[in-house]
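Inspection log for the structure reproduced underneath, given as structure tokens.
The values are calculated or read from the model by the stated rules, or taken from the named source; none is laboratory data. Bear in mind that the values here come from a model prediction, so they are computed numbers and not experimental data. For neighbour counting, all protein chains shown are included, and Cβ atoms are generated from backbone atoms with ideal geometry for every residue, glycine included. Accessible surface is based on the protein model in full, side chains and every heavy atom, while ligands, DNA and RNA are left aside. Shrake-Rupley method; radii C 1.70, N 1.55, O 1.52, S 1.80 Å.
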Amino acid sequence: MTDKYDAVIVGAGTAGLSAALALGRAMRRTLVLDGGAPRNASADHSHNLFTRDGVPPDELLRLGKRDLEKYETVAVREGVATGASGADGGFTVTLSDGDSVLARKLLIASGQTDVMPDVPGFAEAWGRGIYHCPFCHGWEVRERPLAVYASGEMVMFRVTLIRNWSRDLIAITDGTEVPDKDRKKLDALGVPLYEGPIFVIESDAEERKLTCIVLEDGTDIEREGLFTNPPQRQSSGLAEMLGCETEYVEMMQSHVISADPGTRETTVKGVFVAGDAGKMMQSLANAVASGCAVGAFITHALCGDDVAAELASLTEKRA
Ligand SMILES: Cc1cc2nc3c(=O)[nH]c(=O)nc-3n(C[C@H](O)[C@H](O)[C@H](O)COP(=O)(O)OP(=O)(O)OC[C@H]3O[C@@H](n4cnc5c(N)ncnc54)[C@H](O)[C@@H]3O)c2cc1C
């Protein structure tokens, strides 16, 4: 057990490191717990990120940690947070090595994990031919043969967007019903509709690209990119342990941690959220922005507590 940090940040991804920069520069003693790989680790490059377009995911985080080195107020420690308890001003975070750390404020920046469907070859191609976000990876497969994989209800919605990157587009459903009105629209737009589900994904590991999608009925479809949004789960269970409320976001198929839209404080006082773990359009740029903002709001909260404590002590002395 060490003495108390002003803030402990769970997760040394883009959001966590960005928050640490703001807190460190505000001279707040901050500990960042680095639990391992970020969500985009399977991708070769990060895109659509101001001044860092094309940087590999691990390099991006290396640069983020390097920026923190000059602030003696910030420490980054390897370790997975396995538990959290306490209340505003006095949280205890336990680590996988059995150690514990104390914090006045807690930031959950542990992100989301994409739950891979039970389709052979899917996980191997995730981020290298199978993508969740066209803004991140659409340019690299623009005008190539692409596919959308979604539930019957969502297929038209996804096609509407992905068509922007390629007109050589097919749609595959997970076997659930496509509304008649959407079938007509897909037909009118010349987007072939296949009733899935997908049986196997074939990809070229060396070239790191998708080659073929095989459906359960044996149909082979040669494609170079597949856009789909698998369900997500919170990467850490800390919000649940602390009793933070979550909300389900249908579009992301994900439970995100509820928070004040301004300060990003969760429903548990003193616990904040940044990045994918909370509600935002999931991207590196937004993770940077939310981390930066939450770092400022945690500082505000700490300053407020300090002033209140100082005023209380002055009143006591005068009495
Ligand atoms: C394949 C893929 C490619 C992507 N490409 C792009 C792209 O090109 N451009 C873009 O803008 N967005 C991209 N994204 C989205 C982007 O990765 C996320 O929006 C971003 O990583 C969110 O940052 P974060 O810090 O919230 O979470 P993360 O980056 O996931 O970081 C969270 C960190 O917390 C750690 N952690 C988890 N649990 C614990 C714990 N208990 N204790 C300690 N640490 C813990 C994790 O190991 C991780 O390092 C991509 C996503 C995927 C899936």
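Each residue in region 249-260 was checked for being within 17 Å of the chain's Cα centre (by Cα) and open to solvent by 50 Å² or more (accessible area, probe 1.4 Å), and 4 of them qualify. So for region 181-188 (the condition being in the same structural domain as I130 (by TED's automatic domain parsing) and open to solvent by less than 70 Å² (accessible area, probe 1.4 Å)), does at least one residue qualify? Looking through region 181-188, at least one residue is in the same structural domain as I130 (by TED's automatic domain parsing) and open to solvent by less than 70 Å² (accessible area, probe 1.4 Å).
For region 93-103, a tally of residues being away from the ligand (no atom under 11 Å from the Cβ) and either open to solvent by 50 Å² or more (accessible area, probe 1.4 Å) or under 24 Å from the mean Cα position of the chain (by Cα) (or both) returns 3. Of the residues making up region 41-72, those that are open to solvent by 30 Å² or more (accessible area, probe 1.4 Å), touching a helix residue (DSSP H, G or I) at 6+ places or on another chain (Cβ under 7 Å) and either outside the structural domain of T30 (by TED's automatic domain parsing) or on the phi < 0 side of the Ramachandran plot (or both) are A41, H47, F50, R52, K65, D67, Y71.
If the condition is being under 30 Å from R208 (Cβ atoms) and hydroxyl-bearing (S, T, Y), then region 218-264 contributes T219, T228, S235, S236, S254. Taking region 204-223 as the range and being surrounded by fewer than 19 Cβ atoms within 10 Å (Cβ to Cβ) and in a loop (DSSP other than H, G, I, E, B) as the test, the residues that pass are A205, E206, E207, R208, E216, D217, G218, T219. All conditions in (1) under 18 Å from S110 (Cα atoms); (2) open to solvent by less than 20 Å² (accessible area, probe 1.4 Å); (3) within 9 Å of the ligand (Cβ to nearest atom); (4) in contact (Cβ under 8 Å) with a residue 60 or more places away in the chain hold for L31, with the sole exception of (3). None of V214, V200 is touching a Pro at 6+ places or on another chain (Cβ under 7 Å), of a type in the set (A, V, I, L, M, F, W, C), assigned by TED's automatic domain parsing to the domain that holds Y149 and touching a residue at least 12 places away in the same chain (Cβ under 8 Å) except V200.
The residues listed here are G86, G13; of these, the one that is open to solvent by 10 Å² or more (accessible area, probe 1.4 Å) and free of Cβ contacts under 8 Å to residues at least 60 places away in the same chain is G86. Figure legend. Inter-residue proximity from region 112-130: first residues farther than 19 Å from K209 by Cα, second residues open to solvent by less than 20 Å² (accessible area, probe 1.4 Å) and away from the ligand (no atom under 12 Å from the Cβ), beta-carbon distance below 9 Å, spacing 6+ or different chains. No pairs are indicated. Only one residue in D44, D67, D53 is more than 10 Å from the ligand (Cβ to nearest atom) and not small (G, A, S), so which one is that? None of the other options fit; the residue is D67.
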